[in-house]
Every structure is written in C-alpha cells, then in structure tokens.
Amino acid sequence: MSDVAIIPPTVVPLRAGGRVQAIIPDTVEEVFRIAKAVAASGLAPNGMRSPEQITIAIMHGAEIGLPPMQAIQRIAVVNGRPAIWGDAVPALLLARGFKIIETMDGVEDARGATCCVVRPDGTKIERRFTIGDAKIAGLWGKAGPWKQYPDRMLQMRARGFAARDGAADVLSGLYVAEELQDIDLTPKRKSSAECKRDG
C-alpha cells in the first residue's frame, strides 16, 4: 500500500459586509453586450426580446437613474412608447429625497386614491383619481386590471398624475405604464360628413 497524501479541499473564505453593486456600463457597446446576454438568457420581459429593444430600455433607465437590470424590469414599452411601471416610481422618488403619501377613501363614485408628492424643498403636489373619474374616462369595468384590481388602478392613476406633475425632473416625461395602457392610440376613421365638416 503506497502512501497517498490527502490534500484537504480548498475552502474560499466568505467575506462579510461587502456591498452588492450593479454593473454599470460605460459605453453603448457595453450596454449592447449586457442586452445580448439578457436576450440570450430568455429572462427579458415580454415585449423586450431583441438585444436592440433591451438596449433602448437600459438607455432610458440610465437617463432616470436606474441600473441596467432594474431598467430592463421597470421600463415598459406600451403602445410603442417607453414608460415606467408604477411600482418603480416610489423607488426613484424616495432615492432623490422626495416623499410619497398615498391614501384610499370614499364610497361609491367618490371612492378614490389620493397621492401627495412632497419635493425635497417641502413643496407638496397632490392629485386624486376616483371611481367617478374612471367612469368618465371609460375605464371603470374595463376588462383586465380595472376589473380585477380596481383600487390598485385608482392608486396608479393618482400616482402617475402626482409624480408627473410633482417630479417631472425625475421622470423626464415618462408616463406610468399602467396609465399608458389605458390610452387608445388606434387612429379613428372619420365619416365623410365629419371630414367635410372639419375641412
């Protein structure tokens, strides 16, 4: 029997206290490299299948301060326009020193959501959206989220208005995706009489 040296396995020590950080690309080529990896992984959201689509989402996210992987999950393309999911709005605003106060109250058509955005300088911008507003807009009872999660949809609409009005510098003109989904961008054909009337 020969002598065999037994080598204990190498154990890599764990380091505690390290901070996980996002990979932030410096060039468009690096953005595209990340986009290709995400597209190949099959983990991109619906509507973002090609590296080019993912690249645009990452670039839009960079303009409002989202790291690449968050941008891919938080930027949506709705009706051909980039938008931000409503759940990402508080994260963006809170990271910049804003405060958001949201409430839900009222009954029947007066039931609604109120969102107050408080800017870092203390300025308050408050917007409300009610069931009555949703009915006027033709949204109440609409198939999909409006039927399944009516309070949530009221909340997203109030949040969208308040954030766009009170934090335009943070959102850079991006709509909240839940709001943009409700806008019908299909061109309407006019009747001959309407065309004559409108010149």
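All of the numbers you see were taken from the coordinates with simple rules; none came from a lab. The model shown is predicted, which means the values in this text are computed figures rather than measured ones. Note that we place each Cβ from the backbone using ideal geometry, even for glycine, and neighbour counts take in every protein chain shown.
Listed values, structure above:
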{"read-out": "For region 50-114: Kirkwood Rh in Å [reciprocal of mean 1/r, alpha carbons]", "value": "13.6"}
{"read-out": "By average C-beta atoms within 10 angstrom, highest first, the peptides 139-147, 20-28", "value": "139-147, 20-28"}
{"read-out": "Cut-off under 5 Å, modelled amide H: who pairs with Val78 long-range", "value": "Ala83"}
{"read-out": "FRET efficiency, 1/(1 + (r/R0)^6) with R0 22 Å, evaluated for Glu102 and Gln70 via beta carbons", "value": "0.55"}
